[in-house]
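Structure first, then comments.
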Amino acid sequence: MATIRKRGKHYHVQIRKKGLPPITKSFSDRKTASTFAKDTEAKIEKGLFLDSSLAEETTLSDVLNSYRTSILPNKRGKDVEAIRLRLLSRELGNYPLAQIQPYIVSQYRDRRLKEVKPATVRRELGLLSRVLSASEKEFGIYLPHGNPVSKIQLPTEPGGRTRRLNPGEFELLLEQMDHNPMMLHVTIIAIETGMRRGELSKIQHQDINWDKSTLHIPETKNGIARTIPLSSNNARHALRAIILATVKTTEESGRLITLKPHSITRAFQRACKRAGITDLRFHDLRHEATSRFFEKGFNVMEVASITGHQDLRMLRRYTHIRAESLVERL
């Protein structure tokens, strides 16, 4: 049964129904309050009513904080996602969940596209979508407008990079790393194995099986461990060189490679600059390695088992086989 009371300048609606928590809402005029009361009671009778009051009282900032404390600690890439959570909180945090409609999200998208690349905006919106989904599934907050991210056009995903090493570039890079042996060996291992920088930075002694010439990668980007082969003349030698040079350090930390992912990126960029090499990123070595595996004659499943790709479409984006290598096979 609904009751409507005037309190100050507002009309306060309260609906009580056995088996349901009290439903309360305030309106500026009696007609709107009465309409809400009638519509809500009708939905309750038909079993169609979903209470959105919690979404009206809870801000996005509240949910972002809950996500940060209860869900984020168990996710990979949590440091990067924490930065995105702070950005979303700053830009959209004051909105109650019930007010975050598609046009609000599209305005955020357009504003961010003037500042960063489309791929960055896609990642931010992807995180926002996961947070809003968690608000319903994990935190029990009904969203009256559903997930607004699913109702807008996401920025067009850019095509994959096609940059591969030109003849002589790899040798130039290694020359510029003579003063930094650790980075030199890391670069060799990267191009021989196709490993990501985060995977490289976590290699430990026990991960290497010297008898079988394999390397086990327990922590990966997609959460699926894999074991990869090591090239005898390059990757194995680079790993042994690192072990000989850092015995004391690795015994204390357990990690074979003491460089952190962002340190690897910066050192690689500095080497490229000294060598006069442009538009080359450390991650491009993964592209190069993947393409070389195919050029050596490995099939798709063999390459995927080495690189760890679960999506063959993504594996295709990472692969750029030189036409001249195909001519030889033809």
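Read the figures in this text as sums done on the coordinates, not as results from a lab. Computed from a predicted structure; not experimentally measured. Because the Cβ atoms are built from the backbone with ideal geometry, glycine has one as well, and the counts that use them run over all protein chains shown.
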The distance between the Cα centres of region 154-187 and region 72-138, in whole Å, is 31 Å
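If you take the beta carbon distance between Gln107 and Thr214 as r and set R0 to 56 Å, what does 1/(1 + (r/R0)^6) give as a FRET efficiency, to the nearest 0.05? Walk me through the numbers on the way to the answer.
On the way: r = 51 Å, r/R0 = 0.91.
About 0.65, to the nearest 0.05.
Over 20 Å between Cα atoms: which of Lys6/Lys38; Lys78/Lys221; Lys38/Lys137; Lys6/Lys31; Lys212/Lys260 fall into that group? Present the calculation step by step, with values, prior to reporting the outcome.
Values: Lys6/Lys38 17 Å; Lys78/Lys221 11 Å; Lys38/Lys137 29 Å; Lys6/Lys31 12 Å; Lys212/Lys260 28 Å.
Going by Cα-Cα distance, Lys38/Lys137; Lys212/Lys260 fall outside the 20 Å limit.
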Could you grab the relative contact order for region 94-229? Cα pairs under 8 Å, six or more apart, rounded to a whole percent.
-> 16 percent
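Ordered by packing density, taken as the mean number of other Cβ atoms within 10 Å over each peptide's residues, highest first, how do 206-213, 62-69, 300-307 rank?
Working: 206-213: 12.0, 62-69: 17.8, 300-307: 16.2.
Final packing ranking: 62-69, 300-307, 206-213.
Suppose R0 equals 45 Å; then what is the FRET efficiency for Leu312 and Glu56 from their Cβ-Cβ distance, rounded to the nearest 0.05?
Details: r = 45 Å, r/R0 = 0.99.
In this case the efficiency is close to 0.50.
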So what J values fall out for region 141-148 if you push phi through Karplus, 6.51 cos²θ - 1.76 cosθ + 1.60 with θ = phi - 60°, rounded to Hz, Gly and Pro as x?
-> 9, 6, 9, x, 9, x, 8, x
Which length gain, in nm to one decimal place, applies between Ser150 and Lys221 when the Cα-Cα distance is subtracted from 0.36 nm times their residue separation?
-> 23.1 nm
So what are the ³J(HN,Hα) numbers for region 176-188, from phi and the Karplus equation (6.51, -1.76, 1.60; θ = phi - 60°), rounded to whole Hz, Gly and Pro as x?
-> 6, 10, 4, 7, 10, x, 4, 5, 4, 5, 4, 5, 5
